[in-house]
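Data first, discussion second: the structure below is written as structure tokens.
Values in this text are rule-based calculations from the coordinates and carry no lab data. Quick caveat: nothing in here was measured; it's all calculated off a predicted structure. Positions of Cβ are generated from backbone atoms using ideal geometry, with glycine treated the same way; all protein chains shown enter the neighbour counts.
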């Protein structure tokens, strides 16, 4: 019993460490990446013992310390409880959603088998959908509690947007679930382990390319990033729902953004890019179709898989950063039009086609 | 000019009994009328086929303190069909400074008359909304009257204030509708004056029904810094730095306009090389201005990267201005009777090199924007206004050309050497924000073409007029010759003195017609120095353009109007 | 202790060598290895973080805004000093950059924005107009924003060149580092009396 608790705690710590570090690093990627795209140098002055890490120190140390020591303003006429609650409600589900996503295969230490997934639930997909839909409350509460009309507009925009795009996201997820016949993330990843014809990894993107696009776009919309960053649309409503937040609460909203990026990337990786699967890597080592094989110890295999998962997630994070710095912002009616008249019908069609194909194959 | 005689005789014929006298000074046709007949004459001016003055450029007033009647109202008209101009003047007494409002005929008279009311205390009969426009309600007096001391301040807060200032809730006079859909309550939101989209100097008060704008009111004047009062208190040449700060993103163009107006007052013309240098400087300024406008639009649609590309391109244009005069933004380059310096050595090569890079950057930014469906969707079909309505508002420049009206003063009334140059005037067809964007983008490339031509064609010779009454003698001569030393001393301490008279001169600035109206009383200081700035007239239709559209449409519309605070609020 | 601003690219000996040098050196020689913060007190660390994380609130009204943009642009890149991300809500900003002429009409709004900012906050007077009224001395223009709000740094110029702005920013960073333990260096009013 004790070992189970200890293992669970360790796994939880690993996941939370992974998420928070990833969020921090993403902050840096966003900053440095934008500098690269924009032909600038970017932060490089803040340094410890001369080590600036190309802005890493600035983003990971200076900014958070500054925020932590900044005054926390609660404006007049504000509902104190809700005002404080909102950033927590925004950040918490985003981090928790990460718990259901497996970051590796089963690790065997002696006779103990550790499933590299913080929470082993067989309805992980449902859990994820539930958690992501909780995120909308942070936005709505923040917008409502701030006693500021621009915040309110941001909150309303946010709720409408997140609920609209959740539909498309849900439909994309259902199509994936139909394909794999499972609600368990670990199971879905395992199903992507084999090779088609021995050469091509049987990743979800081959079976559900449309669902991949839908999920990625809806995911970006759910994270409220450009071109869907209307709830915080800077040139229109200043900072939207977090206009009235300062100090650590603003930092929490700020981080929610990056955690959500990580969640979207993790889900996309798990559904469509084989999660922790590495092409040609079986449980005993690399086995190539032309007959070569490289036997590897179990621990190395698991570590390679975890690393592959991290790399894949990171690539999708970078993709989202790239999108952020190249796309202008949609207008409210265009956003709704796209959500309800493009994404939703496509999602439905994809679902129907998937179901028919499955019926045809199985029947 | 011969056609001025014809114009004036037509007007005398149409309304003989209302006209007191007409004159034609330095090519400016002027009609002095009886104030009570203003509305009637204005209607004839607008509706008569042969006159067709459809553009009311400017309304202002001159305070002749000590004369009776004291205030002279001055109207400037332009006809886009016949391309002729007219100045209309009417005097009103101090005891009853009232005249009919022209708002029923030109909707653009609204702000212009509010400004005249604010600055001079003239009341306009029949004006729908006669509030102060530049100053605040707490302000007592009218600062441009000659008996208002220049430095008499009435601060709201801080030292010298009465300490009773209370912010007023935002108001919209003349609300269009008071209820939203299904009788819902409207939400009143104010954007600005300190708001990312309003460039710090405008307040837009909105009534929102959901995201739809039901009522809008644009308040300007947060950057009113007394351009006219400052200019009237200095010599003619001392006003040049203030013109820099009108449209600070294309300062040289503002310099050129002012100096040419003063030269018109003197009746001199700059030598050919000087004209070329002015065109080169002005067009580089125009490039910088258009780059900023394009970049800022991208920025506020959240496309940060193209903005920085445009910014870097502007930086390269500024390098050229820096080479010309040593300054980047407020260049103070042009002088009355010439320019401050001839082209530096190697300028043509520098231009060639920088233009190449600017075109590359612009192509990159253009690719990121115009090939992006989101950007197109945000710009296309947004804030369309008919050309007639735009003209009624007094809109000029790229904004009007995007609606398909071919009015570019470089073509319509070629000044400097523009008639010798080969360039295109881009016109839009829809008049939406995308057209405005494309017009600016094309004009930018045309400006590069103009500069390249100028650098090829520029003749040798002096850049300044050879007139000791206008230009300072070279330093070497000042130190060695008594006459030149005296001349320098006189010019600096007394300033050049033009003959008494008044002129209006306009150039095509980056945003439209930039005109200066100067009144000289024969002394070294301008009696009246009025700038007719395009941003002021161009900003006025904003409220109408965005009404009924979504909140987010304010952003590209406002950016394509390219309101420059210094120019709008003077 | 006066912090030595180190020239860019003078990282000699690498990170580990510096760390070794740091642990072997007494506190007084802290300057010898640049901006090491581990040896200074926690308060200094906080000030260090603050000075590299200025989120500016650009209160841009006029001409100086042109140069403000240039400073943020690719060529001058104020992000190098950690002051890149402009926040248009005063709650999240640390540095109020008053850029451009302040008229009597906009003065109450400026003061309100300053009041809304969360502590700790600094004010930069950017350009001649904000410092003294600049070329404008008439009925409309405030003769220096220090008559309305406290100012920590004046950047001269009409408008100042980006080089001057960056120099000003570095000077402000040095000053922030000296404000130890949350002790604010008292402000001077325009007339010489503390606010």
Tensor-based shape of segment A:83-220 (alpha-carbon gyration tensor, a/c under 1.5 rounded, otherwise prolate or oblate): oblate
Test item: B:371-382 mean partner chain Cβ contacts at 10 Å: 3
Sorted by Cβ neighbour density within 10 Å, fewest at the top, the residues B:509, B:9, B:249, A:235: B:9, A:235, B:249, B:509
Estimated [θ] at 222 nm from DSSP helical runs (n ≥ 4, -39500 (n - 2.57)) normalised by residues in chain B, nearest 500: -12000 deg cm²/dmol
Rounded FRET efficiency, nearest 0.05, which uses the C-beta distance separating residue A:1 from residue A:361 and R0 of 35 Å: 0.20
Separation of alpha-carbon centers, segment A:110-168 and segment B:304-374, rounded to whole Å: 47 Å
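Stokes-Einstein diffusion coefficient for segment B:227-533 at 20 °C in a medium of 1.002 mPa s, Rh from the Kirkwood formula over Cα pairs: what value in µm²/s?
The Stokes-Einstein estimate is 106 µm²/s.
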Footprinting exposure proxy for B:293, B:61, A:318 (fewest neighbouring C-beta atoms within 10 Å first): A:318, B:293, B:61
Residue with peak Gaussian network fluctuation, chain A [Cα springs, cutoff 10 Å], from A:301, A:313, A:353: A:353
Separation between Cα centres of segment B:53-118 and segment C:57-71, rounded to whole Å: 35 Å
Shape of segment B:213-336, Cα gyration tensor, a/c cut at 1.5: oblate
Nearest 10 degrees, 0 to 90: helix A:2-37 Cα axis against chain A principal axis: 60 degrees
Coordinate range along principal axes, alpha carbons of segment C:54-178, Å, largest first: 40, 29, 26
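When averaged across all projection directions, what area in nm² does the alpha-carbon convex hull of segment A:258-337 cover?
So the mean shadow area of the Cα hull is 7.6 nm².
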Highest to lowest packing among C:82-93, C:152-163, scored as the average C-beta count within 10 Å: C:82-93, C:152-163
Chain A: angle of helix A:124-145 to the longest principal axis, Cα-based, in degrees nearest 10: 0 degrees
Rounded to 10°, Cα long-axis angle of helix A:298-324 versus longest principal axis of chain A: 40 degrees
Per-pair calculated FRET efficiency, R0 = 35 Å: residue B:345 and residue B:486 via Cβ, rounded to 0.05: 0.60
Rough spin-label spacing in nm, given labels placed 7 Å along Cα→Cβ, for residue B:25 and residue B:123: 3.1 nm
Order of A:354, C:103, C:71 - criterion: other Cβ atoms within 10 Å of each residue's Cβ, fewest first: A:354, C:71, C:103
Semi-axis lengths, Å, segment B:319-467, gyration tensor of Cα atoms, sqrt of 5 times eigenvalues: 32, 21, 13
Over chain A: helical MRE at 222 nm, DSSP H runs n ≥ 4 each giving -39500 (n - 2.57), nearest 500: -20500 deg cm²/dmol
For peptides A:325-333, B:391-399, sequence by mean Cβ density within 10 Å, most packed first: B:391-399, A:325-333
Average projection area in nm² (convex hull over Cα atoms of the protein assembly as shown, one quarter of hull surface): 53.3 nm²
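Which whole number gives the average, over all residues in A:224-232, of C-beta atoms from other chains lying within 10 Å of the residue C-beta?
Counting other chains' Cβ atoms within 10 Å and averaging over A:224-232 gives 2.
What order do you get for B:15-27, B:300-312, B:185-197 when each peptide is scored by the mean count of other beta carbon atoms within 10 Å, highest first?
By packing density, highest mean first, the sequence is B:300-312, B:185-197, B:15-27.
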Fraction in percent of alpha-carbon pairs per bin - 5 Å, segment B:5-125: 2, 11, 23, 26, 20, 12, 5, 1, 0
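Need one value for A:58-65: mean number of C-beta atoms belonging to other chains within 10 Å of its residues' C-beta atoms.
5
Based on a Kirkwood Rh over C-alpha pairs, give the Stokes-Einstein translational diffusion coefficient of segment A:303-363 at 37 °C and viscosity 0.692 mPa s in µm²/s.
Estimated diffusion coefficient is 216 µm²/s.
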For segment B:1-145, share of DSSP beta bridges that run antiparallel, in % to the nearest 5: 75 percent
Using distinct alpha-carbon pairs, which all enter the 1/r mean, Kirkwood radius of chain B in Å: 24.7 Å
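Could you tell me the calculated FRET efficiency between residue A:340 and residue B:178, based on Cβ-Cβ distance and R0 = 22 angstrom, to the nearest 0.05?
0.10
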Among A:203, A:337, A:290: highest mean-square fluctuation, GNM of chain A, C-alpha pairs under 10 Å: A:290
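For chain A, compute Rh as the Kirkwood radius over C-alpha pairs and then the Stokes-Einstein diffusion coefficient at 10 °C and 1.306 mPa s; write the answer in µm²/s, rounded to an integer. Show your work: numbers first, answer last.
Details: Rh = 21.7 Å.
Using the Kirkwood radius from Cα pairs, D works out to 73 µm²/s.
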